[in-house]
Amino acid sequence: KAGVTQTPRYLIKTRGQQVTLSCSPISGHRSVSWYQQTPGQGLQFLFEYFSETQRNKGNFPGRFSGRQFSNSRSEMNVSTLELGDSALYLCASSSDAKRADTQYFGPGTRLTVL
Amino acid sequence: AQSVTQLGSHVSVSEGALVLLRCNYSSSVPPYLFWYVQYPNQGLQLLLKYTSAATLVKGINGFEAEFKKSETSFHLTKPSAHMSDAAEYFCAVSGVQEGAQKLVFGQGTRLTINP
């Protein structure tokens, strides 16, 4: 099976712009989660989608949003970019949504905000 | 609330030496625990996970971890380090809500292998 894919791999934006990142989960997986990784804050949970519904959300401002499509592909959007949004954004998928389920991670999208 | 503490942001060992990466957790519910590894410019790869079936968990690449409830620990070990083990390692605990995925990560430990 193909793994989790994320596009694009690298992005450069300027402050105030918005950005959309895409994630395709492993075939058959219905849960998609997003994480932000920065040197200062480490890995932080953004949100999780299952069957097109957001079921869990981390402590991020409303500028961060996401959605999931009927084929389980997911997008996350960041509006009004700030310098502090520069980070590696990781997407993970799992087959179900049990606490014990393994999350499989994609390679990430590295966002740089200038 | 769930939390994970990884003792030592950097660990350096010689090739062939024992690798020990420490992880302590806090969980308001019976925990599910994970160790992931991240190589440069890559995502996270699962090494192993604890889901209450056995306290000693064996993973990929010769790694294993032991769940100790009394110590709230889940330390990662490997008997003999290889140069290819150089990477960053993350310990994580599942969120409390069943039916919703979430991982809470420690700050990570960067492992360096000296020849």
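The values are calculated or read from the model by the stated rules, or taken from the named source; none is laboratory data. Computed from a prediction, not measured in an experiment: that's the story for all the values here. Glycine gets a Cβ as well: all are built from the backbone with ideal geometry, and neighbour counts include every protein chain shown.
Couple of notes before you dig in:
- Residue identified as farther than 23 Å from A:P39 by Cα, among the acidic types (D, E) and assigned to a loop (DSSP other than H, G, I, E, B) among B:E66, B:E98: B:E98
- Residue selected from the stretch B:72-95 under the condition under 16 Å from B:Y50 (Cα atoms) and assigned to a loop (DSSP other than H, G, I, E, B), by the criterion farthest from the other protein chains (Cβ to nearest Cβ): B:T72
- Test: residue in the stretch B:19-39 that is in contact with a Pro (Cβ under 7 Å, 6 or more places away or on another chain), closer than 17 Å to A:R99 by Cα, in a strand (DSSP E or B) and away from chain A (no Cβ under 12 Å): yes
- Just one residue in the set A:S95, A:S24 is at pLDDT below 95 and under 25 Å from B:W35 (Cα atoms); that residue is A:S95.
- Test: residue in the stretch A:81-96 that is under 19 Å from A:G16 (Cβ atoms) and in a strand (DSSP E or B): yes
- Total residues in the stretch B:6-24, condition in contact with a Ser or Thr (Cβ under 8 Å, 6 or more places away or on another chain) and among the hydroxyl-bearing types (S, T, Y): 2
- Across the stretch A:81-100, the qualifying residues are those that are surrounded by 13 or more Cβ atoms within 10 Å (Cβ to Cβ) and of a type in the set (D, E, K, R), and the one among them that is farthest from the other protein chains (Cβ to nearest Cβ) is A:D85.
- Residue count for the stretch B:51-66 under the criterion of being in contact (Cβ under 8 Å) with a residue 12 or more places away in the chain and either touching a Pro at 6+ places or on another chain (Cβ under 7 Å) or surrounded by fewer than 21 Cβ atoms within 10 Å (Cβ to Cβ) (or both): the result is 9.
- Some residue of the stretch A:101-110 being facing chain B (nearest Cβ under 9 Å), among the hydrophobic types (A, V, I, L, M, F, W, C), in contact (Cβ under 8 Å) with a residue 24 or more places away in the chain and farther than 14 Å from A:S24 by Cβ: no
- B:Q42 being more than 10 Å from the chain's Cα centre (by Cα) and closer than 14 Å to B:A92 by Cβ: no
- Restricting the stretch A:58-80 to residues that are out of contact with any Gly (no Cβ under 9 Å at 6 or more places or on another chain) and outside any loop (DSSP other than H, G, I, E, B), the residue that is surrounded by the most Cβ atoms within 10 Å (Cβ to Cβ): A:V78
- Residue that is surrounded by the most Cβ atoms within 10 Å (Cβ to Cβ) [pool: residues in the stretch A:15-54 that are within 11 Å of another protein chain (Cβ to nearest Cβ) and over 14 Å from the mean Cα position of the chain (by Cα)]: A:H29
- Residue tally, condition surrounded by 14 or more Cβ atoms within 10 Å (Cβ to Cβ) and under 27 Å from A:E48 (Cβ atoms), over the stretch B:74-106: 20
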